[in-house]
Structure formats: structure tokens, C-alpha cells
Amino acid sequence: MRPVNRGPIPTDECGNEINFNEYQDARGKLIERLGETCSYCEMHLDSSLAVEHVKPKKPEGSNENIQERELDWHNFLLACVNCNSTKSNKDVILDDYFWPDKDNTFRAFTYSEGGIITPSSELSAELQSKANATIKLTGLDKHPLNNPKASDRRWINRREIWNIAVQAKERLSRNDYDDFREQIVDTMTGHAYWSIWMTVFRDDSDMLNRFIKALAGTAEDCFDHSGMPLQRPEGQV
Ligand SMILES: [Zn+2]
């Protein structure tokens, strides 16, 4: 999961902080800051990308929307329909999960062949259980065997992108030149699933740095100069 930085509350042309009248009004600014990808599964999306409330605006058991959550810039991310519907309106205690805007979520999970996402084995048992809770909350463990819903293509997409990234790496090893490296970055931007590319190219610092700079909103302070993930300042991981 790509760690992101949504930045401060956007301002208008006079430099005043924008008060969003409806949360949907924040969508354009969020796309500008975070790119057109789901903040959880990293699927590339355009029109179906929704403003996601980290803490649900109307949690389970509540009769009306909580306004300070509904319109709070710091509570917004972007989510695809699958992540959004799996996460639903479950009221969350933030510290029980990892969040792409607070933690170095790239350190929290391991992406492996076939696009499988598991908690990183380098974490302590306590942090692994948070990683697992985060996977369950967003349904990142769903695959055709445990998820009969054909509309949820997240796992299938990850498997496809994994193969595309592996092929790109093989071609690069045979034919390594700068333009081709840039072309791979363009392919990554078009297909998204940044974490998969970061995993497949983990031995290539130059490519890691290109990926880190390629998408809007990637939290660059989560990586060292060679593209290796670092503990996020003030994050749990
Ligand atoms: Zn998603």
C-alpha cells in the first residue's frame, strides 16, 4: 500500500483554506494531491473513484452523519468501489490499523508472486496483527476462491500487473537504457499498483526512485536515497 501525503487543506486563489460544502467537492483536489488511484488497493481509476472517509461519516448504529468527519480534509482519501464497500461504515479506532496517510504502509505488507498481500514478516507480532486487520478491513485478501463476487477484480488485476512488471524487469536486464527505464515508469503510471512495481524492482534503486517520484502524493520521506523503506516519522511503522 503506497504511503501518501495529502498535504495541508487546499486554499483558494486568495490563499484562504477551502471549506468544502459537500465532501464530494474535495474529489478534484484529492486527485490532484494523491493521483487517480485507490488509496488502499492502488487500482487506477477515473470516474468511479470516490472520496473515502477514513473514519466513516455515518458509522454503524449512528442515525446521522457526523459533520466534523464528513467534511474534514484530514479524514479524506480516495477509494475504489470494492475497497469502499468492503470497509463500509465500520467505525474504526485508527491505532488498530495502518493507514496510507499516517504510516509507511509499504513496510507493513509484503506483495508476492501472483499479487498476494500478506503482513510483512519483518514486523513484530503485534504489528503483524494490525497489518492483518488492515487487509481484512479493506478486503485486500479477497481472491476468486473466497470471494465469489465477479465485480471485485482487485486480486486478478494484481496478478496481471505482477506478470507485466516481471516481464518489464526481464526486458530491462537484456536491454538497459534510460529511455526504456522511463517507458517502464510510464507503464507503471498507466497500470498503477505502485507497490507491485516497487516490489518487483526492489533490487534496482534507480527504478525505485523513479517510481517514488512518478505519482502525485507518494510520501517521499518514507524512503531513503536508495529507495529503501524507512519508518515513517510519527507513524506506527
Ligand atoms: Zn481499492
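Side notes on the structure shown:
- Within segment 31-77, considering residues that are closer than 16 Å to Asn89 by Cβ and among the small types (Gly, Ala, Ser), the one nearest to the ligand (Cβ to nearest atom): Ala50
- Lys58 vs. criteria of a type in the set (Lys, Arg), farther than 28 Å from Glu126 by Cβ and touching a helix residue (DSSP H, G or I) at 6+ places or on another chain (Cβ under 9 Å): yes
- Single residue of Asp101, Asp96, Asp141 found to be at pLDDT below 95, closer than 30 Å to Lys57 by Cα and either over 16 Å from the mean Cα position of the chain (by Cα) or acidic (Asp, Glu) (or both): Asp141
- The one condition from (1) free of Cβ contacts under 8 Å to residues at least 40 places away in the same chain; (2) touching an Asp or Glu at 6+ places or on another chain (Cβ under 9 Å) that Phe76 does not meet is (1).
- Candidates Phe180, Phe211, filtered to the one that is farther than 17 Å from Gly114 by Cβ, without any contact (Cβ under 8 Å) to a residue 24 or more places away in the chain and open to solvent by less than 50 Å² (accessible area, probe 1.4 Å): Phe180
- Test: Arg154 is without any contact (Cβ under 8 Å) to a residue 12 or more places away in the chain and either surrounded by fewer than 17 Cβ atoms within 10 Å (Cβ to Cβ) or not β-branched (Val, Ile, Thr) (or both): no
One line per residue, one yes/no per condition, for (1) closer than 25 Å to Ala219 by Cα; (2) open to solvent by 20 Å² or more (accessible area, probe 1.4 Å):
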| position | (1), (2) |
| --- | --- |
| Lys90 | no, yes |
| Ile93 | yes, yes |
| Ser129 | yes, yes |
| Ile135 | yes, no |
| Lys142 | no, yes |
| Ile161 | yes, no |
| Gln167 | no, yes |
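- Failed criterion for Leu45 (all others in (1) under 30 Å from Ala125 (Cβ atoms); (2) at pLDDT below 95; (3) within 15 Å of the chain's Cα centre (by Cα) hold): (1)
The values are calculated or read from the model by the stated rules, or taken from the named source; none is laboratory data. As the structure is a prediction and not an experimental result, all values here were calculated from the model. FYI the Cβ positions are ideal-geometry reconstructions off the backbone, even for glycines, and counts take in every protein chain you see. Calculation scope for accessible area: heavy atoms of the full protein, side chains included, ligands and nucleic acids excluded. Shrake-Rupley method; radii C 1.70, N 1.55, O 1.52, S 1.80 Å.
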